[in-house]
Amino acid sequence: MGSPRVVLVTGASRGIGAGLVTHFLDQGDTVVGCSRQQADRSHARYRHFTLDVADETAVTRMFHTTQESCGPVDLLVNNAGVAAMNHAVLTPIETVHRIFDTNVLGTFLLCREASKVMRRAGFGRIVNFSTVAVPLRLEGESLYAASKAAVEMLTRILAKEFAPWGITVNAVGPSPIRTDLVAGVPPARMDALIARQHIQEWAEVPDVANVVEFFARPESRFVTGQVVYLGGF
């Protein structure tokens with residue numbers, strides 16, 4: 001199986017998600033994106049849904065509409081995520097709900113609905129997003145790291161559950177990339193984080209796309225339940 005594929009990217013309106021949409025369109029794929037915001041993009045092979053990934057009804061409707069208009073989703077990229085970089089004592093409960101709803105519940109819902117479509121097709125690739133904040137146990141990111149640790153466990157167990165259907169489930173953990181997610185972080189803190197990597201540079205979207213494409217290849221059928229962190233640590 002090769003291009004063109006039907007690719008669904010969450011968090012597609014900006015940052016890594018927007019960059020991945022561009023990447024897949026350049027590959028000749030049909031791309032479906034979703035985010036809370038409208039996407040400033042017009043392309044014959046792109047369709048955007050404005051929704052909250054934690055909204056079960058909206059997510060289910062998106063898959064149904066995509067199936068009717070584009071065909072079954074071949075590759076799901078669960079990029080949507082929110083973070084809060086703050087001391088635990090200063091973190092309000094609203095932030096807890098927002099992070100876990102988007103990062104964990106949203107990832108689960110997308111994986112569940114994608115698996116139904118992919119099971120019927122007998123093929124599917126799911127790539128979830130973790131972060132280097134998990135293995136580095138970064139101070140001030142307890143909720144973000146905990147939510148992504150949950151995504152990693154979800155990835156490993158879903159890989160087992162979905163394997164009989166020809167579906168692989170893996171995760172990529174990007175190192176810092178210049179996006180809105182880190183725009184408000186003091187530069188000294190980002191420099192200190194990058195200094196802990198083997199490759200002491202900012203990552204870029206093509207670095208992430210490279211790992212996603214590896215997981216997505218038909219030849220990667222024996223690669224599942226894995227988490228790949230960028231940058232080295």
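Throughout, read-outs are computed from the coordinates displayed, never taken from laboratory work. Just so it is clear, the model here is predicted, and its values are computed rather than measured. Heads up, the Cβs are rebuilt from the backbone with ideal geometry, glycines too, and the neighbour counts pull from every protein chain shown.
The longest stretch of the chain left intact once loop-based trypsin sites (Lys or Arg not before Pro) with at most 14 other Cβ atoms within 10 Å are removed from consideration, loops following DSSP, is 37-136. Sequentially through segment 103-109, phi angles give Karplus couplings (6.51, -1.76, 1.60; θ = phi - 60°) of 6, 9, 4, x, 4, 4, 4 Hz, Gly and Pro residues having no value and appearing as x. Sequentially through segment 22-34, phi angles give Karplus couplings (6.51, -1.76, 1.60; θ = phi - 60°) of 4, 4, 5, 4, 5, 7, x, 7, 8, 10, 10, x, 8 Hz, Gly and Pro residues having no value and appearing as x.
Across all directions, the average projected area of the convex hull around the alpha carbons of segment 1-132 is 8.5 nm². Ranking Trp202, Ala18, Thr66 by how far each Cα lies toward the positive end of the dipole of the chain (charges on Cβ) leaves Thr66 at the top.
Its Cα centre serving as origin, segment 6-229 has a Cβ charge dipole (Lys and Arg +1, Asp and Glu -1) of approximately 440 debye. With contacts taken as Cα pairs under 8 Å at a separation of at least 6 residues, the chain carries a relative contact order of 18 percent.
When the charge dipole of segment 6-229 is built from unit charges on Cβ atoms (+1 for Lys and Arg, -1 for Asp and Glu) and taken about the Cα centre, the candidate among Val132, Thr30, Pro218 whose Cα reaches farthest toward its positive end is Pro218.
Taken about its Cα centre, segment 56-132 carries a charge dipole of roughly 240 debye when the Cβ of each Lys and Arg holds +1 and the Cβ of each Asp and Glu holds -1.
Database remark: amide H of Val82 closer than 5 angstrom to the amide H of Asn103 (H placed geometrically; neighbours at sequence offset of 5 or more, or on other chains; Pro and chain starts carry no H).
Using square roots of five times the C-alpha gyration tensor eigenvalues, list the equivalent-ellipsoid semi-axes of segment 172-219 in whole Å, biggest first.
Over the Cα atoms of segment 172-219, the ellipsoid semi-axes are 25, 12, 7 Å.
Globularity index of the chain is 0.96 (Cα radius of gyration / 2.2 N^0.38 Å, N = number of residues).
For the chain, modelled as a GNM whose springs connect Cα atoms under 10 angstrom apart, the maximal fluctuation among Ala39, Ala195, Ala12 occurs at Ala195.
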